[in-house]
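The numbers here are math on the coordinates, done by the rules we state, and not lab data. All values reported here derive from a predicted model rather than from experimental measurement. With ideal geometry, Cβ positions are generated from the backbone for all residues, glycine too; neighbour counts draw on all protein chains shown.
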Amino acid sequence: MARSPDVVITPGMQRYIDRNNAYLARRGQYIRDVVKKMRFDTIAVHGLYTVEDAIEDYQGAIIEPVFMSTSQAYRDSDEMAAALAYLIPTWCYSRIANPSTYYYEWTLALLEGYGFDGETACCSTSSGMAAIMTAVQPFLVHTSHHVHEPRNFVATAQCYGGTFQQFNVRLAEERGIECRWVEDSSNIDEWASKIDKNTRFLYGELPSNPGQGFFDIKLVADLAHSHSLPLIVDSTVATPALLRPICHGADIVVHSATKTLTSSGFGVAGAVIARKGLVTSVPNDDLKNDFSLYIKYLPNRDFGPNLHPMQAILSLNDMRTLRSKMDLMSRSTMKVAEHLQRDKRVERVEYLGLKDHPLHELASKYMWLVDAEHDEQYDKPVNRYGHLMSFCVKGGPEKARLFFDKLQRIWRATDLGRIKSVATIPGISTHLQQGEEGRKLAHIPMNMVRLCVGAEHPDDVIRDIDQALDQVK
């Protein structure tokens, strides 16, 4: 972070700066020499919390402690001055940072950056929607003194209903910042046609919720960068266990960690992960050099979409077994999707793992179970397509709702990514507010059911679906 010009560094402050620079250098060396050589599962389990940390600082606690304090005390005025000028690592106030959220952030940054040659960093947020707001707002600032400076951004129309509302209502209708929707995100020419000199970023969700939209990440990233724009990707459904967009050229990844990352359902959380040295036309070197640190210490300090330390540890604990859970739930979802595809009572099934899905080949290029080639169970690269699928019940909306009401084991809720299977009808729930026109743009018919398969045995999930379909007359 750039130092404020009115900060005078005293000799006492400099001692703290030197000591903390040495700490940061040791940590950086540890990441390069040790952590970057670990497998994905090891990083998910340990992150940057070491035996040395536990013994020296936390009385040997094996699990990262929850720091419930609102603020940090300082040894003297020199340390406080250095900390509040952001010259040394600090957690001066838990609205800005906290040791528990740091461990959560470090782990997610490492998981999203797994296999990436550069550096990644993370800023935690209180929800997925807060993560999206945090990721896009810094690029929508005025870059000139012209009060009516036109600004726009390009985004995939197939996205979560809350994202549609944030972009279409909060930004476009209320602030006059134009959102240019891409209806067919797999068409690179459509992306290109939406970009002009006033475009600030490209944004995409993949696989999309609920319609399974997908696009070629590298092609879209290259297009964005050719216009000096960043690509922001919502990878909530895939998680870093199946897809790491930064490795393919994306600049920023957002997560509703509430979902699969916190599969237990114990709380709400979000995250923004960015590569250092991202591409943007916004003239702000701090933003370019370390976006995650910039948003943490400046915009989010003032807006306050922080993550509670207790939630950080709850989500972190769920993330430790992410790869194995994504493998299990993906395999089960494939079995359920194949079963539904054979059922004549179902109009169509949307799941990228199905070989006849129009986007199957494209998705297969990017969606891989991380480290499958190092797993004795597989010993080779293996495609996995996630836990989210959707299908349309024949007979229209009334038949879909009748089926939905007859489910017994599958939970009726707007949630997703749970260890328990959950279903909803997007047209009356998650995508209700965007209206008929918005749902048509996103290809969401009223007879579509979204199903997120959990960790139950897939035969029992299928049995519940069948008994519900049997009652649709």
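So which chymotrypsin sites (Phe, Trp or Tyr not before Pro) in the range 73-166 end up in coil per DSSP with only 16 or fewer other C-beta atoms within 10 Å?
On the way: sites: Y74, Y86, W91, Y93, Y102, Y103, Y104, W106, Y114, F116, F139, F153, Y160, F164; in loops: Y74, Y86, W91, Y114, F116, Y160.
Sites meeting the loop and neighbour criteria: Y74, F116.
Per the Debye formula with a single identical scatterer at each Cα and no solvent contribution, what log10 I(q)/I(0) holds for the range 320-413 at q = 0.17, 0.18, 0.22, 0.24 Å⁻¹?
The Cα Debye sum returns log10 ratios of -0.83, -0.90, -1.15, -1.26.
Tell me, what is the FRET efficiency for T321 and D470 to the nearest 0.05, using R0 = 30 angstrom and their Cβ-Cβ distance as r? Mind showing how you got there, number by number?
Values: r = 35 Å, r/R0 = 1.17.
That pair, T321 with D470, gives E of 0.30.
I'd like to know which of M129, H457, F40 lies farthest towards the positive end of the charge dipole of the chain, counting +1 on Cβ of Lys and Arg and -1 on Cβ of Asp and Glu.
H457
Pick out, in residue order, every one of the GluC sites (Glu not before Pro) in the range 372-421 that is DSSP loop and has at most 14 other C-beta atoms within 10 Å; say none if there are none. List each step's numbers first, then the result.
Details: sites: E373, E376, E398; in loops: E376.
Sites meeting the loop and neighbour criteria: E376.
Tell me what the chain gives for mean residue ellipticity at 222 nm when only DSSP H runs of n ≥ 4 count, each as -39,500 (n - 2.57), the sum divided by the residue total, rounded to 500 deg cm²/dmol. Mind showing how you got there, number by number?
Working: 18 runs with 174 residues, N = 473.
Mean residue ellipticity at 222 nm (helix-derived): -10500 deg cm²/dmol.
Relative contact order for the range 322-470 using alpha-carbon pairs under 8 Å, separation at least 6, rounded to a whole percent? Mind dumping the intermediate values first?
Working: 254 pairs, mean separation 39.5, N = 149.
This gives 27 percent for the range 322-470.
To make sure I understand, if each residue's beta carbon is the centre and we count other beta carbons within 10 Å, what order do R384, R342 fall in, fewest to most?
Values: R384 25, R342 8.
With the fewest neighbours first, R384, R342 line up as R342, R384.
Mean 1/r over all different Cα pairs, inverted: what Kirkwood radius does the chain give, in Å?
Working: mean 1/r = 0.0430 Å⁻¹.
Final number for the Kirkwood radius of the chain is 23.2 Å.
Under 22 Å between alpha carbons, and skipping anything fewer than 8 positions from K473 in its own chain: which lysines qualify?
K344, K394, K399, K406
Residue-wise, which Karplus ³J(HN,Hα) couplings in Hz belong to the range 200-207, taking 6.51 cos²θ - 1.76 cosθ + 1.60, θ = phi - 60°, and x for glycine or proline?
So the Karplus estimates, Gly and Pro as x, are 10, 6, 10, 9, x, 10, 7, x Hz.
Could you state the angle between the C-alpha long axis of helix 309-319 and the longest principal axis of the C-alpha atoms of the chain, as a value from 0 to 90 degrees rounded to the nearest 10?
50 degrees
Suppose we keep just the DSSP beta bridges with both residues in the chain; what percent of those would be antiparallel, to 5? Don't skip to the end; give the middle numbers.
On the way: 24 of 41 bridges.
In the chain, approximately 60 percent of DSSP beta bridges are antiparallel ones.
Going by how many other Cβ atoms sit within 10 Å of their own, how do K335, K37, K259 line up, fewest first? Don't skip to the end; give the middle numbers.
Details: K335 17, K37 9, K259 25.
Placing the least packed residue first, the sequence is K37, K335, K259.
Note the full-extension length gain between R27 and E119 as 0.36 nm times their separation in residues minus their Cα-Cα distance, in nm to one decimal. If you can, show how the numbers build up before the last one.
Numbers: separation 92, 0.36 × 92 = 33.12 nm, distance 1.32 nm.
Here the answer is 31.8 nm.
R200: net charge of surrounding residues, Cβ under 15 Å, Lys/Arg +1, Asp/Glu -1, itself excluded?
Overall, the nearby charge balance is +2.
By count of other Cβ within 10 Å, fewest leading, how are V449, V282, V422 ordered?
Details: V449 25, V282 16, V422 22.
Placing the least packed residue first, the sequence is V282, V422, V449.
For the range 157-236, which trypsin sites (Lys or Arg not before Pro) are in a loop by DSSP, counting at most 14 other Cβ atoms within 10 Å?
On the way: sites: R170, R175, R180, K194, K197, R200, K218; in loops: K194, K197.
When the trypsin sites (Lys or Arg not before Pro) of the range 157-236 are filtered for loop state and at most 14 Cβ neighbours within 10 Å, K197 remain.
For the chain, what's the relative contact order in percent, using C-alpha pairs closer than 8 Å and at least 6 residues apart?
Details: 921 pairs, mean separation 75.7, N = 473.
After rounding, I find 16 percent.
Compute the relative contact order of the range 98-319 as a whole-number percentage, counting only Cα pairs closer than 8 Å that sit 6 or more residues apart in sequence. Write down the numbers at each step before the final one.
Values: 441 pairs, mean separation 63.9, N = 222.
It comes to 29 percent, rounded to a whole number.
Quick one: the Cα spread of the range 188-259 along its three principal axes, in angstroms, biggest first?
Sorted from largest, the Cα extents of the range 188-259 read 36, 23, 18 Å.
Treating only the Cβ of Lys, Arg, Asp and Glu as charged (+1, +1, -1, -1), what charge dipole size does the range 27-121 show about its Cα centre? Round to the nearest 20 debye.
Values: 7 positive and 14 negative charges, 39 e Å.
The calculation lands at about 180 debye.
Work out the length of the dipole vector of the range 98-319 about its Cα centre, built from +1 on the beta-carbon of each Lys and Arg and -1 on the beta-carbon of each Asp and Glu, and round it to the nearest 20 debye. Before the final figure, lay out the partial values.
Values: 15 positive and 23 negative charges, 67 e Å.
That gives the range 98-319 a dipole magnitude of about 320 debye.
Amide H to amide H, which residues 5 or more places from R348 or on other chains are under 5 Å from it, using H placed in the peptide plane?
So R348 has HN proximity to C392.
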